[in-house]
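Reviewing the structure listed below.
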Amino acid sequence: MENQNFKVKDEIIEKPKRIKKEKEGYDQKPTAAFISASWSALFIGMVSYCVGLWNADMLLNEKGYYFTILLFGLFSAVSVQKSVRDKLEGIPVTDIYHSISWFTTIASILLLVIGLWNADMLLSEKGFYGMSFTLSLFAAIAVQKNTRDTKFIDDKELEK
């Protein structure tokens, strides 16, 4: 299908061949604004979640459950980002580690959803915990990406 020709009124028109572009190396650091926004989002998400837990009217074991879910989710999300990025860069990652990273990230989200679904709290509180958790996970991935990109560029500049 790549070298297919077309015939239009007794004229053969060749389909242009696609030229594959070489992957260009990444050569720009994340901007200071993006790095600051990522760290701010991580800090705001985690602090909000923890302040909500501190002020919540629940037993200490429930607070511990939700705090552990936050830590578990953050570590799992960073682990997924790392394993996906390693694979893209050709760094060997075992399939079992990659799979476990995805499994634990999904498990942390499901554990939070199940916990909130069964919790005896206002719907607005449930939404607050869900949104601050999501913000924290996304920000943790962005911070990990920025850290890795910055180190990559710094190492590349040292080689020159």
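Computed from the coordinates by the stated procedures, all read-outs in this text should not be read as laboratory data. This is a predicted model, so every value here is computed, not measured. Note that each Cβ is placed from the backbone with ideal geometry, even for glycine, and that neighbours are counted across all protein chains shown.
Round to the nearest 0.05 the FRET efficiency obtained for R148 and A119 when R0 = 30 Å and r is the Cβ-Cβ distance.
Once the sixth-power term is evaluated, E becomes 0.25.
Which of the listed residues, I91, L71, N61, is farthest toward the dipole's positive end in segment 58-142, when Lys, Arg count +1 and Asp, Glu count -1 at the beta-carbon?
I91
Order the peptides 133-140, 111-118 from the highest to the lowest mean number of other Cβ atoms within 10 Å of their residues.
Most protected by this proxy first, the peptides run 133-140, 111-118.
How big is the Cα convex hull of segment 58-142 in projection, averaged over all directions, in nm²?
5.7
Could you give the distance between the Cα centres of segment 63-89 and segment 35-61, to the whole Å?
Computed from Cα coordinates, the inter-centre distance equals 16 Å.
Once R0 is set to 22 Å, what does the formula 1/(1 + (r/R0)^6) return for the Cβ-Cβ distance between L110 and E62, expressed as a FRET efficiency to the nearest 0.05?
That pair, L110 with E62, gives E of 0.80.
Do the alpha carbons of any pairs in K29/K160; K87/K160; K29/K156 sit beyond 23 Å of each other, and which pairs?
K87/K160
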